[in-house]
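A quick write-up on the structure given underneath.
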Amino acid sequence: MSVTSRLAGRSGRTGSAAARRLTYLSLLAVAFFSAFPLYFSVVVASRHNSALAQVPPPLLPGGNFFANVARVFDTVPFALALLNSVLVSGSIAISVMFFSTLAGFAFAKLRFRGKNALLVMTVATMMVPLQLGIIPLYLLMVKIQWTGTMYALIAPSLVSAFGVFFMTQYLSRALPTELLEAGRVDGCTTWGLFWHVVIPAARPAAAVLGMLTFMTAWNDYFWPLVVLTPENPTVQVALSTLASGYVNDYVLGLTGTALGTLPLIIVFALLGKQIIGGIMQGAVKG
C-alpha cells in the first residue's frame, strides 16, 4: 500500500470520527434544549415567587416544592382533576387503538363494496374543525344529560379518523396478505385473524397511536372547559384556574404544570419500549 493510500485512509477515518462527534453533540444540544423548559419549571416550582426576579435566575431546585404542591391541591381539586384526566385519556387511548386497528385492518386487507369511498369520507372528517360542531355537540350532551360528566368527554372521541387512516397505511405494508391466507387455511375466522395475527403485527404502530392519542386527550382544554363544571375539572381546566387570579402566581402555575406533565412522562416510559422495538424491527426488515 502506497503512502498516498495510507494517508487517504487515515483522513477518511478522521473525517468519519469528526462527523460522529458532531452528530452526538447535535443530539445532546437538542436533548438539552428540549428538556430544559421542563427542568426550569421544576426549579421554579421549588422556590418562592421572589426567585423569578433574581438576576441571574436560579438554576438549582429549592426546598419549597412540596409546600407548593400542597398549595396547588388546596387551591383547586387537583387530585380529582388528575383522576379525571387519567380516566378520560386512558379510555380514549385504548378505544382509539382498538377501533382504529380494527377499521385499519378492514380497509387495508378486506374486500367489501364502497371501501375506498368510506375511507375517503373518514379522512375528509379530519378537515372539519372542532369549533364548527361544538354547539350541536353540546346540545346533544344536554339532551342526554351528560353535561358535567366524563361521558361527555369520552364518547365523542372513542374513534379517530386520523387513527383509522394511520393504521390503514401501516397495516397495508406491515401485514403480509400471505400470512392472513395461511391463517384462513388453518381455519381461522376473520375475528380470529384480527386477534391472533393483526394485533401482534400492529402493536408498534398502535403504541405510537396510543401515545399520541393520550397526549391529545390529556392536553385538550376547550371541550372540557365547555362541558364540565369547575367542581369536576380535568388537569387543563384546573391549570387554567390556577393561572386565572388577579395577580398571576407563576410558582403555583408551574407547580401544577410539573404535576400535570408527570403522567405523560410515565405513559411515554411505558410505551417507549414498544415504539423503539417497532423502529428496530423495521430497520432489521429493511
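The values are calculated or read from the model by the stated rules, or taken from the named source; none is laboratory data. Note that this is a predicted model, so its numbers are computed, not measured. Quick reminder, even Gly has a Cβ in these numbers, built from the backbone with ideal geometry, and neighbours come from all protein chains shown. Surface accessibility is based on the protein's heavy atoms, side chains included, excluding ligands, DNA and RNA. Shrake-Rupley method; radii C 1.70, N 1.55, O 1.52, S 1.80 Å.
Some observations on this one:
- The C-beta contact set for region 254-269 (first residue over 15 Å from Val43 (Cα atoms), second residue at pLDDT 85 or above and of a type in the set (A, V, I, L, M), distance under 7 angstrom, 6+ apart or interchain) comprises Gly260/Val235; Gly260/Leu239; Pro263/Val86; Leu264/Met215; Val267/Met211; Phe268/Met211.
- Answer residue from region 235-286, given it is within 30 Å of Pro200 (Cβ to Cβ) and among the β-branched types (Val, Ile, Thr) and is modelled with the lowest pLDDT among those: Val284
- Gly62 meets all of the listed conditions (1) assigned to a helix (DSSP H, G or I); (2) open to solvent by less than 70 Å² (accessible area, probe 1.4 Å); (3) modelled with pLDDT under 90 but one, namely (1).
- If you go through region 156-166 and keep only what is open to solvent by 40 Å² or more (accessible area, probe 1.4 Å) and of a type outside the set (Phe, Trp, Tyr), you end up with Pro156, Ser157, Leu158, Val159.
- Residue satisfying all of: in region 31-51; assigned to a helix (DSSP H, G or I) and more than 31 Å from the chain's Cα centre (by Cα); surrounded by the fewest Cβ atoms within 10 Å (Cβ to Cβ) among these: Ser50
- Flag for Asp186 being among the charged types (D, E, K, R) and touching a residue at least 24 places away in the same chain (Cβ under 8 Å): no
- Residue check, Leu212 open to solvent by less than 60 Å² (accessible area, probe 1.4 Å) and either among the acidic types (Asp, Glu) or assigned to a helix (DSSP H, G or I) (or both): no
- Total residues in region 224-258, condition part of a helix (DSSP H, G or I) and under 17 Å from Val88 (Cα atoms): 9
- Subset of region 100-140 (residues that are closer than 25 Å to Ala174 by Cβ, in contact (Cβ under 8 Å) with a residue 24 or more places away in the chain and open to solvent by 90 Å² or more (accessible area, probe 1.4 Å)): Met126
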